[in-house]
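Presented below is the structure to which this report refers.
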Number of protein chains: 2
Amino acid sequence: MDIVEISKVLSNKTRVNILKWLKNPELNFPPHQDIDHFDDGVCVGFIQDKTGLSQSTISTYLNSMQNAGLVIPTRHGKWTYYRRNESVIKTYIEALKTSL
Amino acid sequence: MDIVEISKVLSNKTRVNILKWLKNPELNFPPHQDIDHFDDGVCVGFIQDKTGLSQSTISTYLNSMQNAGLVIPTRHGKWTYYRRNESVIKTYIEALKTSL
DNA sequence: TTTACATATCTAAATAAATAGATATGTTTT
DNA sequence: AAAACATATCTATTTATTTAGATATGTAAA
């Protein structure tokens, strides 16, 4: 859990939005066709549509978020689903509260 | 209080360190000569010495931290003292906890 | 077993951040 | 009033980030 690395992720409006949206997938994304739940998160395409940015940009964003530990990817067939990593998010905020 | 702007400040090791050091000025900096307290914070020169970066870089850093609301400057003669803005720091962490 | 599709990675261009030297500004001292 | 000093701002260079198009990879469907 690297404070600077995570702060870098949060220093971009789109990436902050993605994290916020993933808190409530039912509310922020259309339902998936192959699976009837959001337990493993949301597929890249839905996130891309919502942001309006290019596919490669969103893939890069999600990769940096994953490297920072903020999201967890799960592959379902040809789709990759991303969900929040609540424990890392919580640990980060705790670290700010105590060490900052 | 802008989450993205504050996160940008925190996405740099030196700036995070400055904020941490300012939590305990007596512990992290030599005593001031003209005033016998740290109530208004620490002068730029001390901060610069501690980081080893150039005067202009530290001045720029402190300016960006001030713009984000994280620190408060006070002029004492020819020195400018910087101290933490605890309420903004607290509000930022609270905002992360609720909105993130 | 091609073809189509979703996502990842590569490459490149534009923009922003980091950093320091030089100079300007404001303050104090002589 | 001039010299000295602390900090701020300006200018320029290097490095990182943003972003998208092109291409590669992995999976599923025809």
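Between a residue in the range A:71-85 that is open to solvent by less than 30 Å² (accessible area, probe 1.4 Å) and any residue that is away from DNA strand D (no atom under 12 Å from the Cβ) and aromatic (Phe, Trp, Tyr), which pairs come within a Cβ distance under 7 Å, given they are 6 or more apart or on different chains?
Within 7 Å, the pairs are A:Val71/A:Tyr82.
From A:Ser54, A:Ser11, A:Ser64, A:Ser7, which residue is open to solvent by 30 Å² or more (accessible area, probe 1.4 Å) and touching a helix residue (DSSP H, G or I) at 6+ places or on another chain (Cβ under 7 Å)?
When all the criteria are applied, what remains is A:Ser64.
Does B:Asp49 meet the test of being assigned to a loop (DSSP other than H, G, I, E, B) and away from chain A (no Cβ under 11 Å)?
So B:Asp49 does not fit the description; no.
Any chance you could count how many residues in the range A:73-100 are away from chain B (no Cβ under 14 Å) and closer than 18 Å to B:Val9 by Cβ?
Residues flagged as away from chain B (no Cβ under 14 Å) and closer than 18 Å to B:Val9 by Cβ within the range A:73-100 amount to 0.
Can you find, within the range A:1-23, the residue that is nearest to B:Ile6 (Cα to Cα) among those that are assigned to a loop (DSSP other than H, G, I, E, B) and in contact with a Lys or Arg (Cβ under 8 Å, 6 or more places away or on another chain)?
The extreme case among them is A:Ser11.
It is to be established whether one or more residues within the range B:24-37 are more than 14 Å from chain A (Cβ to nearest Cβ), in a loop (DSSP other than H, G, I, E, B), more than 10 Å from DNA strand D (Cβ to nearest atom) and of a type in the set (A, V, I, L, M).
Yes: the range B:24-37 contains one or more residues that are more than 14 Å from chain A (Cβ to nearest Cβ), in a loop (DSSP other than H, G, I, E, B), more than 10 Å from DNA strand D (Cβ to nearest atom) and of a type in the set (A, V, I, L, M).
Do you know which residues across the range B:74-100 are assigned to a helix (DSSP H, G or I) and among the small types (Gly, Ala, Ser)?
Selection gives B:Ser87, B:Ala95, B:Ser99.
Answer yes if at least one residue in the range A:21-43 is within 27 Å of B:Lys8 (Cα to Cα) and either among the hydroxyl-bearing types (Ser, Thr, Tyr) or at pLDDT below 95 (or both), and no otherwise.
So far as the range A:21-43 goes, no, none of its residues is within 27 Å of B:Lys8 (Cα to Cα) and either among the hydroxyl-bearing types (Ser, Thr, Tyr) or at pLDDT below 95 (or both).
Which members of the range B:22-54 meet the condition of being among the polar types (S, T, N, Q) and within 15 Å of the chain's Cα centre (by Cα)?
Those that are among the polar types (S, T, N, Q) and within 15 Å of the chain's Cα centre (by Cα): B:Asn24, B:Asn28, B:Gln48, B:Thr51.
Inside the range B:21-51, can you point out the residues that are open to solvent by 60 Å² or more (accessible area, probe 1.4 Å) and closer than 20 Å to B:Leu70 by Cα?
Of everything in the range B:21-51, those that are open to solvent by 60 Å² or more (accessible area, probe 1.4 Å) and closer than 20 Å to B:Leu70 by Cα turn out to be B:Lys23, B:Asn24, B:Glu26, B:Asp39, B:Lys50.
I'm trying to understand the selection: among the residues of the range B:2-16, which are more than 7 Å from chain A (Cβ to nearest Cβ) and closer than 14 Å to A:Leu96 by Cβ?
The answer is B:Ile6, B:Val9, B:Arg15.
Within the set of pairs 6 or more residues apart or between chains, which connect a residue that is within 11 Å of DNA strand C (Cβ to nearest atom) inside the range B:5-34 to a residue that is open to solvent by 70 Å² or more (accessible area, probe 1.4 Å) and in a helix (DSSP H, G or I) with Cβ atoms less than 6 Å apart?
Partner pairs satisfying both residue conditions: B:Ser11/A:Lys8.
Taking A:Ile58 as meeting all but one of (1) within 16 Å of the chain's Cα centre (by Cα); (2) among the aliphatic types (A, V, I, L, M); (3) within 14 Å of chain B (Cβ to nearest Cβ), write down the number of the exception.
Condition (3) is where A:Ile58 drops out.
The values are calculated or read from the model by the stated rules, or taken from the named source; none is laboratory data. What you see is a predicted model, and the numbers here were worked out from it, not measured in a lab. Glycine also receives a Cβ, built like all others from the backbone with ideal geometry; neighbour counts cover every protein chain displayed. Heads up: the accessible areas ignore ligands, DNA and RNA and are worked out on the full protein's heavy atoms, side chains in. Shrake-Rupley method; radii C 1.70, N 1.55, O 1.52, S 1.80 Å.
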